[in-house]
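See below for the structure under consideration.
The values are calculated or read from the model by the stated rules, or taken from the named source; none is laboratory data. Note that this is a predicted model, so its numbers are computed, not measured. When we count neighbours, we look across all protein chains shown, and the Cβ atoms used for this are built from the backbone with ideal geometry, even at glycine. Side chains are part of the model used for accessible areas, which takes the heavy atoms of the whole protein and leaves out ligands, DNA and RNA. Shrake-Rupley method; radii C 1.70, N 1.55, O 1.52, S 1.80 Å.
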Amino acid sequence: MSKPIRIGIIGAGGIARGAHIPSYQSYGRDVEVVSVSNHNKEKAVECAEQFSIPHAYENEQQMLDEMDLDAVSICTPNKFHAAQAIAALKAGCHVLCEKPPAMTAEEAETMAWEAEKAGRILTYGFHFRFQPEVESLKKFIDGHELGEIYAAKTHYNRRRGIPGWGVFTDKELQGGGTLIDNGVHMLDTALYLMGYPKPKTVLGATYQKIGHRPGVGLMGEWDDENFSVEDMARGMITFENGSSLMFESTFAANIEELSSKKVSIVGDQGGADLFPLKIYQEKYDTLVDTTPAYVEKRDVHESLVHDFIKCIVHDKQPVSTPSEGVLIQQIIQALYESAKTGEAVNI
């Protein structure tokens, strides 16, 4: 492009200030963050001043109408993702929306449809895909080193890791707790490595056993009186291609490690674990384990944002697609429905 890509930020909270805005501004002269909006105008102004952004708005629609933007980042609570993404797409903007896509599968489907209709990029903030170990394992899988992937297992557990800031424990604004905050990253990573198969049946269970009372907070002191989400989620998903995935995530649980995340992939020619990356195979009548000698250190949020810009410039498909957003939202919705009814849900 002959002129800089004009970026607007919707939401002036921690993820905008800690990840999106610095990542855009590190891209160089080809990108300019020109405006930020927030329902609290004071926060928008404060954010604009902090990052030398020229314009601050209280209303994102007014920003979209006035600023002639090329793209936006949506960094608001999940409740607002769909409406804001659709408004931005209708305004002709490419959209990078924080995860999860929305509150319901129907919202995610509408977002995908609007992106296709507008001919604009819609992608999501699943930044673990940009971890060097994940990228390496994806190449092994694409190179058929693991063969047919038929099983996976993932967890992202914290012993006492309930966020003590933001709206992470507010069900009305977020739609849920650990499943859609930390757990969804490992769920997406596993699905990505499996080739995002279509889900068939989902069985889930959620628990609220610790967050509703005071306790030791390793991520700040949480608001136990207004804690309205699950602090543990578990589930099993089967897919149309015959593969299956087991899932667990916790904000808080009586476990040994303070924080632990892992994705395990099983294929008929090999298997692998993340994090860290280790590959298991049988070669030349020998059982072998493979580990990388060197793993690049990288700011994955920056990689995500920079890839979004490159997709705009080169008109290419993003790593995380709208159709994948629909599938993971279907799984999330089904997990919660199954947990509520106690019955498996067919998708």
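When residues of the stretch 307-334 are filtered for being closer than 28 Å to residue 104 by Cα, open to solvent by less than 70 Å² (accessible area, probe 1.4 Å) and either free of Cβ contacts under 8 Å to residues at least 24 places away in the same chain or assigned to a helix (DSSP H, G or I) (or both), how many remain?
17
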* Structure fact -> How many residues of the stretch 15-47 are small (Gly, Ala, Ser), open to solvent by 10 Å² or more (accessible area, probe 1.4 Å) and either at pLDDT 95 or above or closer than 16 Å to residue 64 by Cβ (or both)? The answer is 2
* Structure fact -> Per the list (1) exposed (fewer than 15 other Cβ atoms within 10 Å of the Cβ); (2) touching a residue at least 12 places away in the same chain (Cβ under 8 Å); (3) in a helix (DSSP H, G or I), residue check on residue 79 breaks on (1)
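Which residues, counting only those in the stretch 131-170, are of a type in the set (A, V, I, L, M, F, W, C), part of a helix (DSSP H, G or I) and within 17 Å of the chain's Cα centre (by Cα)? Break it down into steps so the answer makes sense when it comes.
Here is the first cut: in the stretch 131-170, the ones of a type in the set (A, V, I, L, M, F, W, C) are 134, 137, 140-141, 146, 149, 151-152, 162, 165, 167-168.
Narrowing further to those that are part of a helix (DSSP H, G or I): 134, 137, 140-141.
Matches in the stretch 131-170: 134 only.
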* Give just the number: which of (1) surrounded by 24 or more Cβ atoms within 10 Å (Cβ to Cβ); (2) in contact with an Asp or Glu (Cβ under 7 Å, 6 or more places away or on another chain) does residue 86 not satisfy? => (1)
* Asked: If you take the residues of the stretch 48-61 that are of a type in the set (A, V, I, L, M, F, W, C) and in contact with a helix residue (DSSP H, G or I) (Cβ under 6 Å, 6 or more places away or on another chain), which of them is surrounded by the fewest Cβ atoms within 10 Å (Cβ to Cβ)?
  -> 51
* What is the one condition in (1) in a helix (DSSP H, G or I); (2) in contact with a Cys (Cβ under 9 Å, 6 or more places away or on another chain) that residue 56 does not satisfy? -> (1)
* Of 64, 96, which residue is within 24 Å of residue 310 (Cα to Cα), open to solvent by 10 Å² or more (accessible area, probe 1.4 Å) and at pLDDT 95 or above? -> 64
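In the stretch 287-304, what count of residues is obtained for those that are among the charged types (D, E, K, R) and farther than 27 Å from residue 25 by Cβ?
1
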* Unique match (being part of a loop (DSSP other than H, G, I, E, B), hydroxyl-bearing (Ser, Thr, Tyr) and over 20 Å from the mean Cα position of the chain (by Cα)) among 294, 280 -> 294
* To do: Could you please tell me which pairs satisfy a Cβ distance under 7 Å, a separation of 6+ or placement on different chains, a first residue in the stretch 171-188 that is in a helix (DSSP H, G or I) and open to solvent by 10 Å² or more (accessible area, probe 1.4 Å), and a second residue that is modelled with pLDDT of 95 or more and among the hydroxyl-bearing types (Ser, Thr, Tyr)?
  => 171/228; 185/156
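Every residue, every condition in (1) in a helix (DSSP H, G or I); (2) under 21 Å from the mean Cα position of the chain (by Cα), yes or no:
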{"position": "61", "(1), (2)": "yes, no"}
{"position": "68", "(1), (2)": "no, no"}
{"position": "87", "(1), (2)": "yes, yes"}
{"position": "95", "(1), (2)": "no, yes"}
{"position": "102", "(1), (2)": "no, yes"}
{"position": "106", "(1), (2)": "yes, yes"}
* To do: Please determine, by comparing only the residues of the stretch 114-130 that are part of a helix (DSSP H, G or I) and open to solvent by 30 Å² or more (accessible area, probe 1.4 Å), which one is nearest to residue 268 (Cα to Cα).
  => 116
* Using the structure shown, decide if residue 279 is open to solvent by less than 80 Å² (accessible area, probe 1.4 Å), modelled with pLDDT of 95 or more, aliphatic (A, V, I, L, M) and in contact with a Ser or Thr (Cβ under 8 Å, 6 or more places away or on another chain). => yes
* Could you say which residue among 202, 216 is of a type in the set (A, V, I, L, M), open to solvent by 30 Å² or more (accessible area, probe 1.4 Å) and over 18 Å from the mean Cα position of the chain (by Cα)? -> 216
